[in-house]
Amino acid sequence: MSPALLGLVLLAAVFHAAWNAMLKASEGPMALAARATAYGTLASFPVVAVLWFLHGRPGMPGSAWAVVIASAVLELLYFIALTNAYQRGELSVVYPIARGTAPLLAVAVGLLLLGERVQLPALVGIGCLLAGIWAIRRPTPASAALLPALITGVLIGAYSSVDRVGVRLVAPWLYGWLLWFFEAALLLLYTRVRRVAGANLRIEPARSLLVGILMTTTYFMILFALSVAPLAIVAPLRESAIVLVTAWGIWRLRERRGAWLRIGGALIILVGIGLLTTS
């Protein structure tokens, strides 16, 4: 993986950690998620429209439509599980469990089902990343948040695998925006049907826009990375955001129990990133 692509994925990890922290801190995570996806779709439309014209107004094959809708449904389920987990548990518990489960599935899909191949240093790097991710999980029971956090991880692995197929069928920027459009529509419909309080787009527009921009920018970065690099490398590397969440928990939330274990896991992740960079 080139240094530029590595930097892109790591920046996406920073953005991802930021919007998850904001989602957890909100009084209504699902309502904020619905508003943010809608604002993110609107904010990115001008850029996508310009790209669409510059690239000769490309169309979408039928198979791509099926993939993008399937991914949007998985994303809806992902937000339902994620926000449910955030309402039941702490950020430093839910985030590592959810994000640590996903790479195991994504690597298996990339290597076994999609036929991707990576060199030995990259395989060792992936192993280091996975070992570090699991090590820095907060060593306390996740109680009621455990099940929705694990379901979130499964859904992350599922939509990541679907997206890897989607970006091979159509340009990542077009696929990503259409995915975000359907996802926003499904989330707004879900919050209306379920009568989720606070889902009105007129509530906290500035905060919703900021979270939406972080969300969409992160997703476009990852989709581009998936279009030029194997899923088995991109998926674990993006989870380096767990290091940020771990540091935040130790420093700001004073979660001292198991701190050295989690710090050790963070160092293992850095070793894994180094191995992926040189492969």
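The values are calculated or read from the model by the stated rules, or taken from the named source; none is laboratory data. The structure displayed is predicted, hence computed values, not measured ones. In this analysis, Cβ positions are derived from the backbone assuming ideal geometry, glycine residues included, and neighbour counts consider all displayed protein chains.
What are the residues in region 31-65 that are small (Gly, Ala, Ser) and surrounded by 14 or more Cβ atoms within 10 Å (Cβ to Cβ), if any? Spell out the reasoning first.
Step one: list which residues in region 31-65 are small (Gly, Ala, Ser), which gives 31, 33-34, 36, 38, 40, 43-44, 49, 56, 59, 62-64.
Matches in region 31-65: ALA31, ALA33, ALA34, ALA36, ALA38, GLY40, ALA43, SER44, ALA64.
Mind counting the residues in region 9-30 that are surrounded by fewer than 21 Cβ atoms within 10 Å (Cβ to Cβ) and hydrophobic (A, V, I, L, M, F, W, C)?
8
Kindly indicate which of MET60, MET30 is within 18 Å of the chain's Cα centre (by Cα) and either assigned to a helix (DSSP H, G or I) or among the hydrophobic types (A, V, I, L, M, F, W, C) (or both).
Result of the check over MET60, MET30: MET30.
What do you reckon, is GLY166 in contact with a Pro (Cβ under 9 Å, 6 or more places away or on another chain), assigned to a helix (DSSP H, G or I) and within 25 Å of TRP52 (Cβ to Cβ)? Please lay out each step first, then the result.
On the way: in contact with a Pro (Cβ under 9 Å, 6 or more places away or on another chain): yes; assigned to a helix (DSSP H, G or I): yes; within 25 Å of TRP52 (Cβ to Cβ): yes.
Spelling it out, GLY166 is indeed in contact with a Pro (Cβ under 9 Å, 6 or more places away or on another chain), assigned to a helix (DSSP H, G or I) and within 25 Å of TRP52 (Cβ to Cβ).
Can we say LEU74 is farther than 23 Å from TYR175 by Cα, in contact with a Phe, Trp or Tyr (Cβ under 8 Å, 6 or more places away or on another chain) and modelled with pLDDT of 90 or more?
Values: farther than 23 Å from TYR175 by Cα: no; in contact with a Phe, Trp or Tyr (Cβ under 8 Å, 6 or more places away or on another chain): yes; modelled with pLDDT of 90 or more: yes.
For LEU74, the condition - farther than 23 Å from TYR175 by Cα, in contact with a Phe, Trp or Tyr (Cβ under 8 Å, 6 or more places away or on another chain) and modelled with pLDDT of 90 or more - is not met.
Is it fair to say ALA12 is within 19 Å of ASP163 (Cβ to Cβ), touching a Ser or Thr at 6+ places or on another chain (Cβ under 6 Å) and at pLDDT 90 or above?
Values: within 19 Å of ASP163 (Cβ to Cβ): yes; touching a Ser or Thr at 6+ places or on another chain (Cβ under 6 Å): yes; at pLDDT 90 or above: yes.
Yes: the conditions hold for ALA12.
For the structure I just gave you, tell me whether ALA171 is crowded, with 21+ Cβ neighbours inside 10 Å and closer than 18 Å to VAL68 by Cα.
Working: crowded, with 21+ Cβ neighbours inside 10 Å: no; closer than 18 Å to VAL68 by Cα: yes.
No.
Can you name the condition, by its number, that LEU112 falls short on among (1) touching a residue at least 12 places away in the same chain (Cβ under 8 Å); (2) under 23 Å from GLY157 (Cα atoms)?
For LEU112, the failing item is (1).
Out of region 201-236, which residues are assigned to a loop (DSSP other than H, G, I, E, B), surrounded by 14 or more Cβ atoms within 10 Å (Cβ to Cβ) and more than 18 Å from the chain's Cα centre (by Cα)?
Of the residues in region 201-236, the ones assigned to a loop (DSSP other than H, G, I, E, B) are 201-204, 229-230.
Narrowing the set further to residues that are surrounded by 14 or more Cβ atoms within 10 Å (Cβ to Cβ) leaves 203-204, 229-230.
Matches in region 201-236: ILE203, GLU204.
Of these, VAL118, VAL9, VAL93, which one is of a type in the set (A, V, I, L, M, F, W, C), farther than 22 Å from ALA185 by Cα and free of Cβ contacts under 8 Å to residues at least 60 places away in the same chain? Steps first, answer last, please.
Details: VAL118 fails: free of Cβ contacts under 8 Å to residues at least 60 places away in the same chain; VAL9 fails: free of Cβ contacts under 8 Å to residues at least 60 places away in the same chain.
Of the residues listed, the single one that is of a type in the set (A, V, I, L, M, F, W, C), farther than 22 Å from ALA185 by Cα and free of Cβ contacts under 8 Å to residues at least 60 places away in the same chain is VAL93.
Give the number of residues within region 27-53 that are free of Cβ contacts under 8 Å to residues at least 40 places away in the same chain and farther than 18 Å from PHE220 by Cα.
Of the residues in region 27-53, 1 are free of Cβ contacts under 8 Å to residues at least 40 places away in the same chain and farther than 18 Å from PHE220 by Cα.
Residue-wise test of (1) at pLDDT 95 or above; (2) out of contact with any helix residue (DSSP H, G or I) (no Cβ under 6 Å at 6 or more places or on another chain); (3) on the phi > 0 side of the Ramachandran plot; (4) aliphatic (A, V, I, L, M).
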site: PHE182; (1), (2), (3), (4): yes, no, no, no
site: LEU188; (1), (2), (3), (4): yes, no, no, yes
site: ALA225; (1), (2), (3), (4): no, no, no, yes
site: ALA241; (1), (2), (3), (4): no, no, no, yes
site: LEU244; (1), (2), (3), (4): no, no, no, yes
site: ILE250; (1), (2), (3), (4): no, no, no, yes
site: ARG262; (1), (2), (3), (4): no, no, no, no
site: ILE273; (1), (2), (3), (4): no, yes, no, yes
site: LEU276; (1), (2), (3), (4): no, no, no, yes
